[in-house]
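Novice: Mind looking over this structure? Questions follow.
Laboratory data are not the source of any read-out in this text; all were calculated from the coordinates shown. This one's a predicted model, so the numbers in the text were calculated from it and none came from an experiment. Here Cβ is always computed from backbone atoms with ideal geometry, including for glycine, and neighbour counts include all displayed protein chains.
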Amino acid sequence: MFFNLLDNAVKYSAPESRILVELLEYEMYIRINVCSQGTKVEREEFARVFQRFYRGRNAEEQEGVGLGLYLAREIVNGQRGYMKGEYELEKGNVFSVFLRR
């Protein structure tokens, strides 16, 4: 599941760009962020990128069938966690995994 997030970060980022992995601890969850400076994912599209077979508007040039984020989310849900995506100006696209402590 983390391989998929990192693989996507590499695939959809410009060469030589940085990918940031963060670990944050909360009272009930551990949060792992994978941040990349790739093509910006718009807010309304983040809800759809986790759907089966959905390929982002800017994903046509990359190989894939649109299952990676869907399967990653299913694995995380099976562990009683959840995933979300957002865009932050300083970090770029941020895909977050929340796992119970």
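Novice: Tally Lys/Arg at +1 and Asp/Glu at -1 over every other residue whose Cβ is under 10 Å from the Cβ of PHE50; what's the total? Each step should come with its number before you reach the end.
Specialist: On the way: positive: ARG48, ARG52, ARG73, LYS84; negative: GLU74.
For residues surrounding PHE50, the net value is +3.
Novice: Here's something else I'd like to know. Hey, what did segment 2-100 get for relative contact order, percent, Cα under 8 Å, at least 6 apart?
Specialist: Numbers: 166 pairs, mean separation 30.3, N = 99.
RCO, segment 2-100: 31 percent.
Novice: Relative to the first principal axis of the alpha-carbon coordinates of the chain, what is the inclination of helix 2-11, with its axis defined by its Cα atoms, in degrees from 0 to 90 and to the nearest 10?
Specialist: The angle comes out near 20 degrees.
Novice: What longest range of the chain stays clear of loop-exposed GluC sites (Glu not before Pro) (DSSP non-H/G/I/E/B, at most 13 other C-beta within 10 angstrom)?
Specialist: Working: sites that count: GLU16, GLU27, GLU42, GLU60, GLU61, GLU63, GLU90.
The reported range is 64-89.
Novice: I'd like the orientation of helix 68-78 relative to the chain: the angle between its Cα long axis and the longest Cα principal axis, in ° from 0 to 90, rounded to 10.
Specialist: Taking Cα atoms only, the helix is inclined about 10 degrees.
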